[in-house]
Amino acid sequence: MKEIATENFQRICEAYEILSDENKRLIYDIYGMEGLTSGLELGPKLNKVEELKEELERLRQRKEQEKALAHFRPSGTILASLSLPQFLEGDGIMRGMAMSSEVQSQLSKNSILAFGGNLEVNDDSGGGAASVVLRHQLSSVSSIEFIASAGLRALVGIQTTRHLSSHSTATMAVAMSLRDGSINLSNNWTRQISETTNGNLLLGIESSISVGWQKKDERMSAAGELKIGTSSFGASAHYTHRFSKKSHGRIQGRLGSTALELEVGGGRKISEFSTIRMLYSVGIQGIFWKFELHRAGQKLVVPILLSRHFSSFFATGAFIIPASVYFLLKKFILKPYYLKREKQKALENMEKTSAQVQEAKAAAQKAQQLLQNVANRKRNKQLEIGGLIITKAVYGARKALTKLGETGESSDELASQVLDVTLPLNFLVNDSGRLKLHEGVKKSGIMGFCDSCPGEPKQLYVEYTYGGNRYEVLVDDYEELFIPQEAHRI
(Lines give C-alpha, C1' and ligand atoms only; values in the text may rest on other atoms or scores of the structure.)
Protein backbone atom coordinates (compact mmCIF):
# COMPACT_ATOMS: atom_id res chain seq x y z
CA MET A 1 0.00 0.00 0.00
CA LYS A 2 3.04 2.30 0.39
CA GLU A 3 3.28 3.35 -3.27
CA ILE A 4 -0.48 3.91 -3.57
CA ALA A 5 -0.57 5.87 -0.31
CA THR A 6 2.39 8.04 -1.42
CA GLU A 7 0.75 8.78 -4.77
CA ASN A 8 -2.56 9.73 -3.15
CA PHE A 9 -0.82 11.83 -0.51
CA GLN A 10 0.97 13.80 -3.25
CA ARG A 11 -2.31 14.32 -5.10
CA ILE A 12 -4.05 15.54 -1.93
CA CYS A 13 -1.22 17.99 -1.16
CA GLU A 14 -1.25 19.27 -4.75
CA ALA A 15 -5.05 19.68 -4.70
CA TYR A 16 -4.94 21.54 -1.38
CA GLU A 17 -2.17 23.84 -2.62
CA ILE A 18 -4.19 24.74 -5.75
CA LEU A 19 -7.64 25.08 -4.18
CA SER A 20 -6.43 27.13 -1.19
CA ASP A 21 -4.84 29.74 -3.47
CA GLU A 22 -7.34 31.97 -5.31
CA ASN A 23 -4.86 32.81 -8.06
CA LYS A 24 -3.93 29.19 -8.72
CA ARG A 25 -7.57 28.12 -8.51
CA LEU A 26 -8.51 30.70 -11.16
CA ILE A 27 -5.75 29.43 -13.44
CA TYR A 28 -6.87 25.84 -12.87
CA ASP A 29 -10.55 26.66 -13.54
CA ILE A 30 -9.69 28.24 -16.90
CA TYR A 31 -6.77 26.16 -18.21
CA GLY A 32 -6.46 23.15 -15.90
CA MET A 33 -3.08 21.72 -14.89
CA GLU A 34 -1.46 22.93 -18.13
CA GLY A 35 -1.75 26.52 -16.98
CA LEU A 36 -0.18 25.74 -13.61
CA THR A 37 2.69 23.63 -14.97
CA SER A 38 3.49 26.40 -17.49
CA GLY A 39 4.88 28.49 -14.65
CA LEU A 40 2.02 30.90 -13.94
CA GLU A 41 2.03 30.00 -10.26
CA LEU A 42 5.49 31.56 -9.93
CA GLY A 43 4.63 34.82 -11.67
CA PRO A 44 3.04 37.98 -10.30
CA LYS A 45 -0.56 37.89 -9.24
CA LEU A 46 -2.86 38.42 -12.22
CA ASN A 47 -6.17 40.08 -11.39
CA LYS A 48 -7.98 39.81 -14.71
CA VAL A 49 -8.78 36.88 -16.95
CA GLU A 50 -7.41 38.87 -19.93
CA GLU A 51 -4.06 39.32 -18.19
CA LEU A 52 -4.03 35.62 -17.37
CA LYS A 53 -4.62 34.68 -21.01
CA GLU A 54 -1.85 37.02 -22.21
CA GLU A 55 0.62 35.60 -19.71
CA LEU A 56 -0.21 32.01 -20.66
CA GLU A 57 0.20 32.86 -24.35
CA ARG A 58 3.67 34.27 -23.67
CA LEU A 59 4.61 31.13 -21.75
CA ARG A 60 3.34 28.94 -24.60
CA GLN A 61 5.44 30.85 -27.11
CA ARG A 62 8.49 30.46 -24.88
CA LYS A 63 7.90 26.72 -24.62
CA GLU A 64 7.58 26.47 -28.40
CA GLN A 65 10.93 28.22 -28.78
CA GLU A 66 12.53 25.85 -26.26
CA LYS A 67 11.02 22.89 -28.14
CA ALA A 68 12.41 24.21 -31.45
CA LEU A 69 15.88 24.59 -29.88
CA ALA A 70 15.67 21.01 -28.60
CA HIS A 71 15.36 19.87 -32.25
CA PHE A 72 18.10 22.19 -33.46
CA ARG A 73 21.21 22.11 -31.22
CA PRO A 74 24.20 24.21 -32.34
CA SER A 75 27.65 23.97 -30.78
CA GLY A 76 31.02 25.45 -31.63
CA THR A 77 34.53 26.37 -30.52
CA ILE A 78 36.76 29.31 -31.34
CA LEU A 79 40.46 28.96 -30.51
CA ALA A 80 42.69 32.05 -30.59
CA SER A 81 46.28 31.05 -29.86
CA LEU A 82 48.65 33.82 -28.69
CA SER A 83 52.43 33.77 -28.22
CA LEU A 84 54.36 36.12 -25.92
CA PRO A 85 57.85 35.05 -27.15
CA GLN A 86 56.77 35.62 -30.75
CA PHE A 87 55.45 39.07 -29.81
CA LEU A 88 58.74 40.00 -28.08
CA GLU A 89 60.63 38.92 -31.21
CA GLY A 90 58.54 41.38 -33.25
CA ASP A 91 56.52 38.82 -35.22
CA GLY A 92 53.11 39.67 -33.82
CA ILE A 93 51.24 38.11 -30.93
CA MET A 94 48.81 35.95 -32.93
CA ARG A 95 50.14 32.40 -33.15
CA GLY A 96 47.21 30.74 -34.88
CA MET A 97 43.45 30.48 -34.96
CA ALA A 98 40.94 27.69 -35.34
CA MET A 99 37.18 27.44 -35.46
CA SER A 100 34.82 24.47 -35.44
CA SER A 101 31.05 24.30 -35.49
CA GLU A 102 28.37 21.61 -35.49
CA VAL A 103 24.59 21.66 -35.71
CA GLN A 104 22.40 18.69 -34.78
CA SER A 105 18.85 18.42 -36.02
CA GLN A 106 16.32 15.88 -34.74
CA LEU A 107 14.71 14.61 -37.95
CA SER A 108 12.50 12.09 -36.18
CA LYS A 109 12.29 10.15 -32.96
CA ASN A 110 15.07 7.78 -34.11
CA SER A 111 17.06 9.91 -36.58
CA ILE A 112 19.52 12.77 -36.08
CA LEU A 113 21.33 14.74 -38.77
CA ALA A 114 24.58 16.46 -37.76
CA PHE A 115 26.61 18.70 -40.03
CA GLY A 116 29.65 20.71 -39.17
CA GLY A 117 33.00 22.05 -40.25
CA ASN A 118 36.31 23.41 -39.05
CA LEU A 119 38.91 25.93 -40.21
CA GLU A 120 42.46 26.31 -38.98
CA VAL A 121 45.17 28.89 -39.68
CA ASN A 122 48.69 28.56 -38.32
CA ASP A 123 51.41 31.01 -39.43
CA ASP A 124 51.30 30.95 -43.26
CA SER A 125 49.37 27.69 -43.67
CA GLY A 126 45.77 26.69 -43.15
CA GLY A 127 43.06 24.21 -44.00
CA GLY A 128 39.51 23.20 -43.40
CA ALA A 129 36.99 20.38 -43.58
CA ALA A 130 33.24 19.83 -43.61
CA SER A 131 31.30 16.75 -42.54
CA VAL A 132 27.77 15.33 -42.47
CA VAL A 133 26.61 12.47 -40.23
CA LEU A 134 23.22 10.77 -40.29
CA ARG A 135 22.49 8.69 -37.17
CA HIS A 136 19.56 6.31 -37.06
CA GLN A 137 18.48 4.16 -34.11
CA LEU A 138 17.57 0.78 -35.58
CA SER A 139 16.37 -0.68 -32.27
CA SER A 140 16.87 -0.29 -28.55
CA VAL A 141 20.28 -2.04 -28.84
CA SER A 142 21.62 -1.07 -32.27
CA SER A 143 22.24 2.04 -34.37
CA ILE A 144 23.84 2.98 -37.70
CA GLU A 145 25.68 6.08 -38.92
CA PHE A 146 26.41 7.32 -42.46
CA ILE A 147 29.42 9.64 -42.64
CA ALA A 148 30.73 11.94 -45.38
CA SER A 149 33.44 14.60 -45.18
CA ALA A 150 35.26 16.91 -47.58
CA GLY A 151 38.50 18.86 -47.19
CA LEU A 152 41.72 17.64 -45.63
CA ARG A 153 40.19 14.21 -44.95
CA ALA A 154 37.71 13.61 -47.75
CA LEU A 155 35.96 10.28 -47.19
CA VAL A 156 32.66 8.42 -47.03
CA GLY A 157 31.88 5.73 -44.51
CA ILE A 158 29.39 3.76 -42.54
CA GLN A 159 29.44 2.75 -38.88
CA THR A 160 27.19 0.46 -36.87
CA THR A 161 27.00 0.02 -33.10
CA ARG A 162 25.31 -2.72 -31.08
CA HIS A 163 24.92 -3.37 -27.36
CA LEU A 164 25.91 -7.02 -26.96
CA SER A 165 24.82 -7.00 -23.32
CA SER A 166 24.13 -4.54 -20.51
CA HIS A 167 27.93 -4.20 -20.07
CA SER A 168 29.35 -4.68 -23.58
CA THR A 169 29.19 -2.64 -26.80
CA ALA A 170 30.70 -3.36 -30.22
CA THR A 171 31.24 -0.91 -33.08
CA MET A 172 32.32 -1.68 -36.64
CA ALA A 173 33.19 1.00 -39.20
CA VAL A 174 34.34 1.06 -42.82
CA ALA A 175 35.54 4.20 -44.61
CA MET A 176 36.84 4.94 -48.11
CA SER A 177 39.18 7.84 -48.84
CA LEU A 178 38.07 10.04 -51.75
CA ARG A 179 41.70 11.04 -52.40
CA ASP A 180 43.44 7.71 -53.03
CA GLY A 181 40.52 5.26 -52.88
CA SER A 182 41.96 3.35 -49.89
CA ILE A 183 39.51 1.48 -47.66
CA ASN A 184 39.94 1.28 -43.90
CA LEU A 185 38.14 -1.12 -41.57
CA SER A 186 38.03 -0.71 -37.78
CA ASN A 187 36.45 -2.60 -34.89
CA ASN A 188 35.95 -1.29 -31.40
CA TRP A 189 34.82 -3.26 -28.34
CA THR A 190 33.94 -1.62 -25.00
CA ARG A 191 33.31 -3.52 -21.78
CA GLN A 192 32.10 -2.20 -18.42
CA ILE A 193 34.40 -4.01 -16.00
CA SER A 194 32.88 -2.57 -12.81
CA GLU A 195 30.79 0.38 -11.68
CA THR A 196 33.76 2.73 -12.11
CA THR A 197 36.03 0.90 -14.60
CA ASN A 198 35.76 0.12 -18.30
CA GLY A 199 37.99 -1.42 -20.96
CA ASN A 200 38.32 -0.68 -24.66
CA LEU A 201 39.91 -2.60 -27.57
CA LEU A 202 40.37 -0.91 -30.97
CA LEU A 203 41.54 -2.74 -34.10
CA GLY A 204 42.31 -0.59 -37.12
CA ILE A 205 45.03 1.64 -38.60
CA GLU A 206 46.14 2.56 -35.07
CA SER A 207 45.21 -0.43 -32.90
CA SER A 208 45.15 0.10 -29.14
CA ILE A 209 43.91 -1.24 -25.84
CA SER A 210 42.90 1.02 -22.97
CA VAL A 211 41.50 0.89 -19.45
CA GLY A 212 39.55 3.82 -17.99
CA TRP A 213 38.33 4.71 -14.52
CA GLN A 214 35.92 7.37 -13.32
CA LYS A 215 34.14 8.38 -10.15
CA LYS A 216 31.69 11.19 -9.48
CA ASP A 217 29.65 12.52 -6.58
CA GLU A 218 28.15 15.85 -5.50
CA ARG A 219 31.48 17.45 -4.57
CA MET A 220 34.03 15.91 -6.93
CA SER A 221 34.66 14.03 -10.15
CA ALA A 222 37.78 12.11 -11.11
CA ALA A 223 38.81 10.05 -14.13
CA GLY A 224 41.88 8.35 -15.51
CA GLU A 225 42.92 6.32 -18.54
CA LEU A 226 45.88 4.13 -19.54
CA LYS A 227 46.23 3.50 -23.28
CA ILE A 228 48.74 1.36 -25.17
CA GLY A 229 48.80 1.46 -28.97
CA THR A 230 50.87 -0.10 -31.75
CA SER A 231 52.96 3.06 -32.16
CA SER A 232 52.24 5.08 -29.03
CA PHE A 233 51.28 4.91 -25.36
CA GLY A 234 49.85 7.34 -22.89
CA ALA A 235 48.21 7.92 -19.53
CA SER A 236 45.95 10.76 -18.41
CA ALA A 237 44.03 11.72 -15.29
CA HIS A 238 42.00 14.63 -14.01
CA TYR A 239 40.36 15.64 -10.74
CA THR A 240 37.69 18.32 -10.32
CA HIS A 241 36.48 19.57 -6.94
CA ARG A 242 33.35 21.70 -6.61
CA PHE A 243 33.80 24.31 -3.89
CA SER A 244 30.22 25.52 -4.37
CA LYS A 245 27.46 25.41 -6.96
CA LYS A 246 29.23 28.16 -8.88
CA SER A 247 32.96 27.52 -8.52
CA HIS A 248 35.31 24.58 -8.98
CA GLY A 249 39.00 23.69 -9.11
CA ARG A 250 40.67 21.30 -11.53
CA ILE A 251 44.00 19.49 -11.95
CA GLN A 252 44.85 17.41 -14.99
CA GLY A 253 47.92 15.53 -16.20
CA ARG A 254 48.99 13.74 -19.38
CA LEU A 255 52.02 11.51 -19.87
CA GLY A 256 52.99 9.48 -22.91
CA SER A 257 55.07 9.09 -26.03
CA THR A 258 53.76 12.37 -27.48
CA ALA A 259 52.67 14.35 -24.39
CA LEU A 260 53.97 15.49 -21.03
CA GLU A 261 51.74 18.12 -19.45
CA LEU A 262 50.36 19.27 -16.11
CA GLU A 263 47.37 21.63 -15.98
CA VAL A 264 45.99 23.39 -12.90
CA GLY A 265 43.16 25.87 -12.68
CA GLY A 266 39.57 26.59 -11.81
CA GLY A 267 36.34 28.09 -13.03
CA ARG A 268 33.25 29.94 -11.95
CA LYS A 269 29.69 30.07 -13.21
CA ILE A 270 28.88 33.72 -13.94
CA SER A 271 25.30 33.24 -15.15
CA GLU A 272 22.75 30.52 -15.80
CA PHE A 273 24.40 29.58 -19.11
CA SER A 274 27.97 30.97 -18.84
CA THR A 275 31.15 29.74 -17.15
CA ILE A 276 34.67 31.18 -17.18
CA ARG A 277 37.84 29.16 -16.56
CA MET A 278 41.45 30.14 -15.97
CA LEU A 279 44.07 27.41 -16.38
CA TYR A 280 47.84 27.16 -16.02
CA SER A 281 49.69 24.55 -18.08
CA VAL A 282 53.31 23.41 -18.17
CA GLY A 283 54.69 20.69 -20.47
CA ILE A 284 56.99 19.82 -23.34
CA GLN A 285 55.26 22.36 -25.60
CA GLY A 286 56.00 25.17 -23.15
CA ILE A 287 54.35 27.16 -20.36
CA PHE A 288 50.84 28.44 -21.02
CA TRP A 289 48.06 30.48 -19.55
CA LYS A 290 44.67 29.46 -20.86
CA PHE A 291 41.38 31.36 -20.62
CA GLU A 292 38.04 29.76 -21.50
CA LEU A 293 34.50 31.09 -21.78
CA HIS A 294 31.68 28.55 -22.05
CA ARG A 295 28.17 29.68 -22.93
CA ALA A 296 25.46 27.12 -23.74
CA GLY A 297 27.02 25.01 -26.50
CA GLN A 298 29.61 27.63 -27.53
CA LYS A 299 33.19 27.84 -26.30
CA LEU A 300 35.95 30.45 -26.63
CA VAL A 301 39.49 29.27 -25.79
CA VAL A 302 42.51 31.61 -25.61
CA PRO A 303 45.83 29.84 -24.84
CA ILE A 304 48.78 32.20 -24.31
CA LEU A 305 52.28 30.76 -24.76
CA LEU A 306 54.53 32.37 -22.12
CA SER A 307 57.74 30.44 -22.77
CA ARG A 308 58.86 27.67 -25.11
CA HIS A 309 61.44 26.41 -22.61
CA PHE A 310 60.89 25.08 -19.12
CA SER A 311 62.33 27.08 -16.22
CA SER A 312 61.37 26.26 -12.64
CA PHE A 313 61.69 29.92 -11.60
CA PHE A 314 59.64 31.20 -14.54
CA ALA A 315 57.07 28.40 -14.18
CA THR A 316 56.58 29.20 -10.48
CA GLY A 317 56.18 32.91 -11.16
CA ALA A 318 53.77 32.29 -14.06
CA PHE A 319 51.59 30.24 -11.68
CA ILE A 320 51.74 32.49 -8.61
CA ILE A 321 51.09 35.83 -10.38
CA PRO A 322 47.76 34.93 -12.08
CA ALA A 323 46.64 32.94 -9.04
CA SER A 324 47.23 35.98 -6.83
CA VAL A 325 45.50 38.30 -9.30
CA TYR A 326 42.50 35.95 -9.50
CA PHE A 327 42.32 35.67 -5.70
CA LEU A 328 42.35 39.47 -5.31
CA LEU A 329 39.80 39.98 -8.09
CA LYS A 330 37.52 37.35 -6.59
CA LYS A 331 37.77 38.67 -3.04
CA PHE A 332 37.52 42.41 -3.65
CA ILE A 333 35.63 42.74 -6.95
CA LEU A 334 33.88 39.61 -8.23
CA LYS A 335 32.49 38.24 -4.97
CA PRO A 336 31.12 41.58 -3.67
CA TYR A 337 29.60 42.25 -7.10
CA TYR A 338 27.82 38.90 -7.31
CA LEU A 339 26.63 39.10 -3.69
CA LYS A 340 25.22 42.56 -4.38
CA ARG A 341 23.55 41.35 -7.57
CA GLU A 342 22.03 38.30 -5.88
CA LYS A 343 20.75 40.45 -3.01
CA GLN A 344 19.22 42.89 -5.49
CA LYS A 345 17.50 40.06 -7.35
CA ALA A 346 16.17 38.65 -4.07
CA LEU A 347 14.80 42.06 -3.07
CA GLU A 348 13.14 42.52 -6.47
CA ASN A 349 11.59 39.06 -6.19
CA MET A 350 10.34 39.83 -2.67
CA GLU A 351 8.74 43.09 -3.84
CA LYS A 352 7.13 41.38 -6.84
CA THR A 353 5.67 38.53 -4.80
CA SER A 354 5.02 40.35 -1.51
CA ALA A 355 1.21 40.44 -1.94
CA GLN A 356 1.14 36.77 -2.95
CA VAL A 357 3.33 35.79 0.02
CA GLN A 358 1.25 37.79 2.52
CA GLU A 359 -1.92 36.07 1.35
CA ALA A 360 -0.24 32.66 1.51
CA LYS A 361 1.01 33.34 5.06
CA ALA A 362 -2.45 34.50 6.15
CA ALA A 363 -3.95 31.30 4.74
CA ALA A 364 -1.28 29.23 6.53
CA GLN A 365 -2.05 30.97 9.84
CA LYS A 366 -5.76 30.20 9.43
CA ALA A 367 -4.95 26.58 8.67
CA GLN A 368 -2.74 26.39 11.79
CA GLN A 369 -5.62 27.72 13.88
CA LEU A 370 -7.78 24.87 12.61
CA LEU A 371 -5.07 22.37 13.58
CA GLN A 372 -4.26 23.91 16.97
CA ASN A 373 -6.61 21.95 19.26
CA VAL A 374 -5.72 18.53 17.83
CA ALA A 375 -1.99 19.41 17.67
CA ASN A 376 -1.96 20.47 21.33
CA ARG A 377 -3.81 17.31 22.35
CA LYS A 378 -1.29 15.14 20.49
CA ARG A 379 1.61 17.09 22.00
CA ASN A 380 0.30 16.66 25.55
CA LYS A 381 -0.13 12.94 24.97
CA GLN A 382 3.47 12.61 23.79
CA LEU A 383 4.62 14.63 26.82
CA GLU A 384 2.99 12.13 29.17
CA ILE A 385 4.75 9.13 27.62
CA GLY A 386 8.08 10.84 26.83
CA GLY A 387 7.43 10.51 23.13
CA LEU A 388 8.08 12.69 20.09
CA ILE A 389 7.62 16.43 20.65
CA ILE A 390 8.48 19.04 18.02
CA THR A 391 9.98 21.95 19.98
CA LYS A 392 10.90 24.11 16.99
CA ALA A 393 10.31 23.86 13.25
CA VAL A 394 11.09 26.52 10.64
CA TYR A 395 10.46 26.29 6.90
CA GLY A 396 11.73 28.81 4.35
CA ALA A 397 14.58 30.07 2.18
CA ARG A 398 17.81 28.07 2.45
CA LYS A 399 19.95 31.22 2.74
CA ALA A 400 17.75 32.66 5.49
CA LEU A 401 17.93 29.42 7.51
CA THR A 402 21.73 29.33 7.07
CA LYS A 403 22.09 32.91 8.37
CA LEU A 404 19.76 32.21 11.29
CA GLY A 405 21.85 29.16 12.19
CA GLU A 406 25.14 31.09 11.96
CA THR A 407 24.14 34.23 13.87
CA GLY A 408 21.19 33.03 15.95
CA GLU A 409 19.65 36.47 15.41
CA SER A 410 16.55 37.19 13.38
CA SER A 411 16.04 40.40 11.40
CA ASP A 412 12.81 41.50 9.72
CA GLU A 413 14.26 40.55 6.32
CA LEU A 414 15.15 37.02 7.46
CA ALA A 415 11.87 36.56 9.33
CA SER A 416 9.91 37.40 6.19
CA GLN A 417 11.53 34.49 4.34
CA VAL A 418 10.69 31.77 6.87
CA LEU A 419 7.59 30.39 8.57
CA ASP A 420 7.17 28.74 11.97
CA VAL A 421 5.64 25.30 11.33
CA THR A 422 6.04 23.76 14.80
CA LEU A 423 2.30 23.34 15.24
CA PRO A 424 1.58 21.60 11.88
CA LEU A 425 4.39 19.10 12.49
CA ASN A 426 3.09 18.28 15.96
CA PHE A 427 -0.29 17.69 14.32
CA LEU A 428 1.32 15.19 11.88
CA VAL A 429 2.92 13.08 14.66
CA ASN A 430 1.09 9.74 14.71
CA ASP A 431 -0.03 7.76 17.78
CA SER A 432 3.17 5.69 17.63
CA GLY A 433 5.30 8.80 18.11
CA ARG A 434 6.57 8.92 14.54
CA LEU A 435 6.57 11.60 11.85
CA LYS A 436 7.21 11.05 8.15
CA LEU A 437 7.12 13.48 5.24
CA HIS A 438 7.42 11.67 1.92
CA GLU A 439 10.18 12.22 -0.61
CA GLY A 440 9.26 14.18 -3.74
CA VAL A 441 6.43 16.13 -2.08
CA LYS A 442 6.82 19.91 -1.94
CA LYS A 443 6.48 20.85 1.71
CA SER A 444 4.74 24.17 1.00
CA GLY A 445 1.67 22.10 0.04
CA ILE A 446 1.31 20.64 3.56
CA MET A 447 -1.56 22.10 5.56
CA GLY A 448 -0.29 24.97 7.72
CA PHE A 449 2.77 25.52 5.46
CA CYS A 450 3.23 28.05 2.63
CA ASP A 451 5.85 29.24 0.18
CA SER A 452 7.27 32.37 1.81
CA CYS A 453 9.94 32.92 -0.85
CA PRO A 454 8.81 31.95 -4.39
CA GLY A 455 11.65 30.97 -6.71
CA GLU A 456 14.17 30.41 -3.88
CA PRO A 457 15.44 26.96 -2.78
CA LYS A 458 13.85 26.02 0.54
CA GLN A 459 14.65 23.83 3.54
CA LEU A 460 12.94 22.61 6.71
CA TYR A 461 14.76 22.80 10.07
CA VAL A 462 13.36 20.76 12.98
CA GLU A 463 14.31 20.52 16.64
CA TYR A 464 12.59 17.82 18.68
CA THR A 465 12.81 15.77 21.87
CA TYR A 466 12.28 12.05 22.26
CA GLY A 467 12.80 9.94 25.37
CA GLY A 468 14.28 12.93 27.21
CA ASN A 469 16.96 13.52 24.54
CA ARG A 470 17.34 16.47 22.14
CA TYR A 471 17.55 16.10 18.36
CA GLU A 472 17.80 18.34 15.28
CA VAL A 473 17.63 17.80 11.52
CA LEU A 474 17.71 19.89 8.34
CA VAL A 475 16.17 18.61 5.08
CA ASP A 476 15.62 20.03 1.60
CA ASP A 477 12.20 20.90 0.22
CA TYR A 478 11.60 17.60 -1.61
CA GLU A 479 13.69 15.41 0.72
CA GLU A 480 12.13 12.75 2.94
CA LEU A 481 11.85 13.49 6.66
CA PHE A 482 11.49 10.60 9.11
CA ILE A 483 11.85 11.16 12.86
CA PRO A 484 12.94 10.20 15.43
CA GLN A 485 16.38 8.94 14.34
CA GLU A 486 19.48 8.40 16.44
CA ALA A 487 21.56 10.14 13.75
CA HIS A 488 19.77 13.42 14.62
CA ARG A 489 20.74 13.31 18.29
CA ILE A 490 22.57 16.38 19.64
In the structure shown, of Lys24/Lys361; Lys343/Lys458; Lys403/Lys436; Lys330/Lys403, the pairs separated by more than 19 angstrom at the C-alpha atoms are Lys403/Lys436; Lys330/Lys403
Work out the length of the dipole vector of the chain about its Cα centre, built from +1 on the beta-carbon of each Lys and Arg and -1 on the beta-carbon of each Asp and Glu, and round it to the nearest 20 debye. 560
Relative contact order, percent, of the chain when contacts are C-alpha pairs under 8 Å separated by at least 6 residues? 9
Find the relative contact order for region 393-489 and round it to a whole percent, using C-alpha pairs within less than 8 Å whose residues are 6+ positions apart. 34
For the cross-link pairs Lys216/Lys290; Lys331/Lys443; Lys109/Lys245, which exceed 27 Å when the distance is taken from alpha carbon to alpha carbon? Lys331/Lys443; Lys109/Lys245
Between helix 335-385 and the chain: long-axis angle, C-alpha atoms, 0 to 90°, nearest 10: 40
Taking the Cα centre as origin and putting +1 on Lys and Arg beta-carbons and -1 on Asp and Glu beta-carbons, what dipole magnitude results for region 118-209, to the nearest 20 debye? 440
Along Cα→Cβ, 7 Å out, is where each label goes; now give me the distance between the ones at Ser244 and Phe87 in nm to one decimal. 3.2
Roll a 1.4 Å probe over the protein chains and send me the accessible area per residue for the chain in Å². 62
Averaging sequence separations of C-alpha pairs under 8 Å and six or more residues apart, then dividing by the length of region 151-193, give the relative contact order as a whole percent. 36
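What does the charge add up to near Thr391, with Lys and Arg as +1, Asp and Glu as -1, over the other residues with Cβ less than 9 Å from its Cβ? Walk me through the intermediate numbers first.
Details: positive: Lys392, Arg470; negative: Glu463.
Around Thr391, the charge tally is +1.
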The distance between the Cα centres of region 165-226 and region 261-292, in whole Å, is 27
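Take peptides 357-368, 157-168 and line them up by average Cβ neighbours within 10 Å, highest first, as a rough protection proxy.
357-368, 157-168
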Placing one identical point scatterer on every Cα of region 188-328 and ignoring solvent, what is log10 I(q)/I(0) from the Debye formula at q = 0.11, 0.14, 0.22 Å⁻¹? -0.54, -0.84, -1.30
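Counting only other residues whose beta carbon sits under 14 Å from that of Ser75, what net charge do I get with K and R as +1, D and E as -1?
Numbers: positive: Arg73, Arg295, Lys299; negative: Glu102.
Surrounding charge for Ser75 is +2.
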Given unit charges at Cβ for Lys, Arg (+) and Asp, Glu (-), the dipole magnitude of region 411-490 about its Cα centre in debye, nearest 20, is 320
Give the residue from Leu370, Gly455, Trp289 lying farthest towards the positive end of the charge dipole for the chain; charges sit on Cβ (+1 for Lys and Arg, -1 for Asp and Glu) and the dipole is referred to the Cα centre. Trp289
Residues with amide H under 5 Å from that of Lys299, placed H, sequence gap 5 or more: Gly76, Thr77, Ile78
Taking all protein chains in place and a 1.4 Å probe, what share, in percent, of the accessible surface of region 309-446 do carbon and sulfur account for? 57
Each label sits 7 Å from Cα toward the beta-carbon; between Leu79 and Ala130 the label points are separated, in nm, by 2.2
For the chain, restrict the atom set to alpha-carbon positions and state the Rg and Dmax in Å. 29.7, 92
If each part is reduced to its alpha-carbon centroid, region 103-156 and region 438-490 end up apart, in Å, by 51
Residue-averaged 222 nm ellipticity for the chain, from DSSP H runs of 4+ at -39500 (n - 2.57), nearest 500: -10000 deg cm²/dmol
Hz values of 3J(HN,Hα) by residue in region 190-198 - Karplus curve (6.51, -1.76, 1.60), Gly and Pro given as x: 10, 9, 7, 7, 8, 4, 10, 10, 9
Give the accessible area for Glu479 in Å² (nearest 10); use a 1.4 Å probe, count only protein heavy atoms, and leave out ligands, DNA and RNA. 80
Taking Lys and Arg as +1 and Asp and Glu as -1, residues besides Lys330 with C-beta under 12 Å from its C-beta add up to +4
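The values are calculated or read from the model by the stated rules, or taken from the named source; none is laboratory data. All of these numbers come straight from a predicted model, not from anything done at the bench. With ideal geometry, Cβ positions are generated from the backbone for all residues, glycine too; neighbour counts draw on all protein chains shown. Side chains are part of the model used for accessible areas, which takes the heavy atoms of the whole protein and leaves out ligands, DNA and RNA. Shrake-Rupley method; radii C 1.70, N 1.55, O 1.52, S 1.80 Å.
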